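Read through the structure below, which is laid out as structure tokens, and then see the notes.
The values are calculated or read from the model by the stated rules, or taken from the named source; none is laboratory data. These numbers were taken from a predicted model, which means no experiment stands behind them. When we count neighbours, we look across all protein chains shown, and the Cβ atoms used for this are built from the backbone with ideal geometry, even at glycine.
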Amino acid sequence: MADKTPNWIDVGAADELAKKPLQALTAGRAAIALSLKDGQWGAVSNLCNHVGGPLGEGTLDGDYLVCPWHYWKFHRATGKGEPGYEADCVPAYPVKLEAGHVWVDVANASKRGLLPHPPHPLEREPVRAPGPLRLLGISTTAMDGEHPRFSGSDHLLKHALAAAKADGAETQFLALNDLKFRACEGFYSKSAHACTWPCSITQMDKADEMDRVYEGLVHWADAVIVSSPIRWGTASSLYFKMAERLNCVQNAVTISNKVLIRDKVAGFIIVGGQDNVQMVAGQMLGFFAELGFLFPQFPYIAHSRGWSHEDMEKNVEIVRDSVELAEGAAELAKRCLALANRLITTDETLHSVEGGGRKAHPIEATHGERA
Ligand code: FES
């Protein structure tokens, strides 16, 4: 600890404070995580070294505070990081019990220490690499990989990619069904700042394969076509699982004006036995617009037989044998790539997109040192 003239601040009656083993409070202007274990008080900065999570709102694991946002740990009294990461530490404050009150010396905190953390590969600036136009196809249909069956939406997506390839584009097919990725855990609900780019789950869990989608959308593709079946009037469950995990792409705009998707194009293929094409398309268009994608004229193709048609085996035949739908998929790919090409080759810059999609109210800092 430094050796300045102490500035002891009374943070409250010990009896009251002892009702919670861990809490966030302020001592003067300092935001503190105050803890009590085995009769010993500990006071460290409330602000986590990672992206500012409120340590006092976390949990205790032995003598370590566990950040509620992404679970980094700091010693509750010394502020040091977990064993092996001690130098990654938060300020610790002298604390004492006097006259039934808890006092924190805000003048003599230890120094915060930040260990360098190598940036995640996805964190690099999205810069288009030279080369031919690139079309990413994302299939969102779900099926048992050991018992594959015909999927109308996949079938048309493959037509679209084949047409793009025949025109000289590079193509990539990603089936969400083949990727192992976790569902979004709603870090955003803890705080907008807890939803990070790259996604917190991607950073924490090396086995999570959503990075393939992020890499494809943010860094590789000029255009994407997303295909989905209609399931009870909406897009597939895998589509929504992906969409939830893409919140971090949109949230980068909200919290730091970082627009990750620029000059990229999206189109959609929607296939269902029964109706609701327009609603599925509406959701997809609205969501991908919020991510920053642009759309060609007629940005989706679709097929459904209608409410009264339960003979789904006929629907499979119709999609599989339809020349019109196959040609429609090919034309959609061409429209997407034609617009992508214009966006890439034009010298004209679009008007500013900074702040695009932001909600009306600014994000306010609430955790002491951030403010
Ligand atoms: S672990 Fe604390 S903010 Fe991420």
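Quick notes
- For segment 111-145, a tally of residues being in contact with a Gly (Cβ under 6 Å, 6 or more places away or on another chain) and not in a strand (DSSP E or B) returns 1.
- Test: residue in segment 183-196 that is surrounded by fewer than 21 Cβ atoms within 10 Å (Cβ to Cβ), more than 13 Å from the chain's Cα centre (by Cα) and part of a loop (DSSP other than H, G, I, E, B): no
- Among the residues listed as Asp88, Asp154, the single one being in the same structural domain as Pro54 (by TED's automatic domain parsing), acidic (Asp, Glu) and buried (at least 16 other Cβ atoms within 10 Å of the Cβ): Asp88
- Considering only residues in segment 323-352 that are at pLDDT 95 or above and of a type in the set (Gly, Ala, Ser), the one that is nearest to the chain's Cα centre (by Cα) turns out to be Ala340.
- Filtered residue count, segment 233-268, keeping only those that are closer than 15 Å to Asp211 by Cα and part of a loop (DSSP other than H, G, I, E, B): 2
- Residue that is nearest to Trp232 (Cα to Cα), among those in segment 301-334 that are free of Cβ contacts under 8 Å to residues at least 60 places away in the same chain and of a type in the set (S, T, N, Q): Ser308
For every residue, the table says whether it meets (1) more than 12 Å from the ligand (Cβ to nearest atom); (2) buried (at least 17 other Cβ atoms within 10 Å of the Cβ); (3) closer than 17 Å to Ser110 by Cβ; (4) not basic (Lys, Arg).
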| position | (1), (2), (3), (4) |
| --- | --- |
| Asp10 | yes, no, no, yes |
| Ala14 | yes, no, no, yes |
| Lys20 | yes, no, no, no |
| Ile32 | yes, yes, yes, yes |
| Trp41 | yes, yes, yes, yes |
| Val44 | yes, yes, yes, yes |
| Gly62 | yes, no, no, yes |
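- Residues that are away from the ligand (no atom under 12 Å from the Cβ) and either within 29 Å of the chain's Cα centre (by Cα) or modelled with pLDDT under 95 (or both), drawn from segment 65-78: His75
- Contact annotation: residue pairs with Cβ atoms under 7 Å, 6 or more positions apart or on different chains, pairing a residue in segment 52-69 that is outside the structural domain of Ser200 (by TED's automatic domain parsing) with a partner that is within 12 Å of the ligand (Cβ to nearest atom) and of a type in the set (Asp, Glu), are Tyr64/Glu82; Pro68/Glu57.
- Filter result for the condition that a residue is in contact (Cβ under 8 Å) with a residue 60 or more places away in the chain and surrounded by 22 or more Cβ atoms within 10 Å (Cβ to Cβ), over Val259, Val253, Val280: Val253
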